[in-house]
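Notes follow once the structure below has been shown.
The values are calculated or read from the model by the stated rules, or taken from the named source; none is laboratory data. Values in this document were obtained by computation on a predicted structure and should not be read as measured data. Reconstructed Cβ throughout: ideal geometry from the backbone, glycine too, with neighbour counts over all protein chains shown.
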Amino acid sequence: MTKAPAKSLVRRVIGVMSGTSIDGIDAALVRLDGSGLSIQATLLRHAAIPLGELAQPLRDAAEQKPMPAGEFARLAWNFGCLHIKLIESLIESNSAPDLIAIHGQTVFHQPPVSWQLLNPAPIARRFGCPIVCDFRQADLAAGGQGAPITPIADWIMFRDQHKSRAVVNLGGFCNITILPAGNSTSDLASINGADICPCNHVLDAVARLALKQAVDVDGAAAESGMADPDAVNTLVSWMNRRSAPSAQRSMGTGDEAAEWVRHHFGRLSAQDLAASAANAIGSYIALALRSKRADEVILAGGGARNRALVAAIRSISKRPVRLSNDLGVPIEARESMAMAVLGALSADGVAITLPQVTGCSQPAPVAGMWTRVRG
């Protein structure tokens, strides 16, 4: 008798991301077919929630403002409870996902020390499934930078048999993944990635200071302003110094260009300051891409909603530029989907970081800190 072929493993995994912009939490319910590097990811649902009253204390923590240990403990607990509310909006009341993979909030990052703040215990208690978080620590322990952490997930979601791609995350910081053309796991050695420059950190700081709002919605203010050459050149020069060969590292605490924002705030109108930031950042990203081998550029992350920023990237990149939406991954869901993929890969014993990207000596086969509840 011929054996029936084994059914492919199917898992429902929730990935959750709270980025360095510190403005909200995104979650994605993802169907993952298969296991290991053969998995295929399909977005089922996506949801987001603002940080509300937790935004300011999380920002204070990231800005290294002192607070008592008890305040950190309460912040981590309340942050975990906020995750519960978001995750509940993605699933039916009586169903639990197979796995929840959570990034946590980066409040400090200077390798080898990095802190993704979160208390996962209330989340595990509520949903009764394994929780994995704090993905960067295993790479940091192996001598890596702990970032960028998404390239292998980008390969799962965005690789193409015939075209090489640059996947550009326009988040608090901009990071890129360079994917070679092809569909073989042997291509993993040719994947590259790097942190490029601050992005939404600067754009949102301009919005808060000059526009008196959380964000420049769709880049409307930047579109209506005129970029100031001195402001643009000053920011570009600052980014050049931070990314010089002698400073090769992942970006984190101290890389937010806050001094640039404060220096030009008041000298320029709100619209011109926003335009200057978008022009400088977009030009810097586009010029960085021109040195990379990629047939097309895929933009994702909250910054992809900023029309002025996207226009600046398009005008200089000299290759096709499109949004990740075109590939079935909404720009807001790319990072949370990536967390779901990274969680599943780690559960399958697949190393989630790449030595040529993070600089780690030997990637750990299982990353993340795991919380399990037996009921």
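Numbers for the structure displayed
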{"item": "Which numbered condition residue 98 fails, given (1) acidic (Asp, Glu); (2) closer than 27 Å to residue 198 by Cα; (3) in contact (Cβ under 8 Å) with a residue 60 or more places away in the chain", "result": "(2)"}
{"item": "Output for the stretch 184-204, where each listed residue is buried (at least 20 other Cβ atoms within 10 Å of the Cβ) and either within 26 Å of residue 234 (Cβ to Cβ) or polar (S, T, N, Q) (or both)", "result": "194, 195, 196, 197, 198, 199, 200, 201, 202, 203, 204"}
{"item": "Only one of 69, 28, 47 that is of a type in the set (A, V, I, L, M) and touching a His at 6+ places or on another chain (Cβ under 6 Å)", "result": "28"}
{"item": "Residue satisfying all of: in the stretch 337-375; of a type in the set (S, T, N, Q) and outside any loop (DSSP other than H, G, I, E, B); surrounded by the most Cβ atoms within 10 Å (Cβ to Cβ) among these", "result": "358"}
{"item": "Single residue of the stretch 246-269 satisfying the filter (more than 27 Å from residue 145 (Cβ to Cβ) and in contact with an Asp or Glu (Cβ under 9 Å, 6 or more places away or on another chain)) that is modelled with the highest pLDDT", "result": "268"}
{"item": "Scan of the stretch 187-201 for residues that are in contact (Cβ under 8 Å) with a residue 24 or more places away in the chain and more than 18 Å from residue 286 (Cβ to Cβ), ordered by number", "result": "187, 188, 189, 191, 201"}
{"item": "Pair list, Cβ < 7 Å and 6+ apart or interchain, from the stretch 139-167 residues that are assigned to a strand (DSSP E or B) to residues that are small (Gly, Ala, Ser)", "result": "165/294; 166/294; 167/300"}
{"item": "Test: residue in the stretch 62-79 that is under 29 Å from residue 13 (Cβ atoms), surrounded by 11 or more Cβ atoms within 10 Å (Cβ to Cβ) and at pLDDT below 95", "result": "yes"}
{"item": "Extreme residue, nearest to the chain's Cα centre (by Cα), among residues of the stretch 175-211 that are in a strand (DSSP E or B) and not aliphatic (A, V, I, L, M)", "result": "175"}
{"item": "Residue in the stretch 107-114 that is within 19 Å of residue 341 (Cβ to Cβ) and either touching a strand residue (DSSP E or B) at 6+ places or on another chain (Cβ under 7 Å) or among the polar types (S, T, N, Q) (or both) present", "result": "no"}
{"item": "Residues being modelled with pLDDT of 95 or more, of a type in the set (Val, Ile, Thr) and not in a strand (DSSP E or B) - total across the stretch 89-119", "result": "0"}
{"item": "Filter result for residue 47 (within 30 Å of residue 360 (Cα to Cα) and surrounded by 15 or more Cβ atoms within 10 Å (Cβ to Cβ))", "result": "no"}
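Yes/no matrix, rows are residues, columns are (1) farther than 30 Å from residue 129 by Cα; (2) free of Cβ contacts under 8 Å to residues at least 24 places away in the same chain; (3) part of a helix (DSSP H, G or I); (4) under 19 Å from the mean Cα position of the chain (by Cα):
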residue	(1), (2), (3), (4)
283	yes, no, yes, no
286	yes, no, yes, yes
293	yes, no, no, no
299	yes, no, no, yes
308	yes, no, yes, no
319	yes, no, no, no
329	no, no, no, yes
332	no, no, no, yes
335	no, no, yes, yes
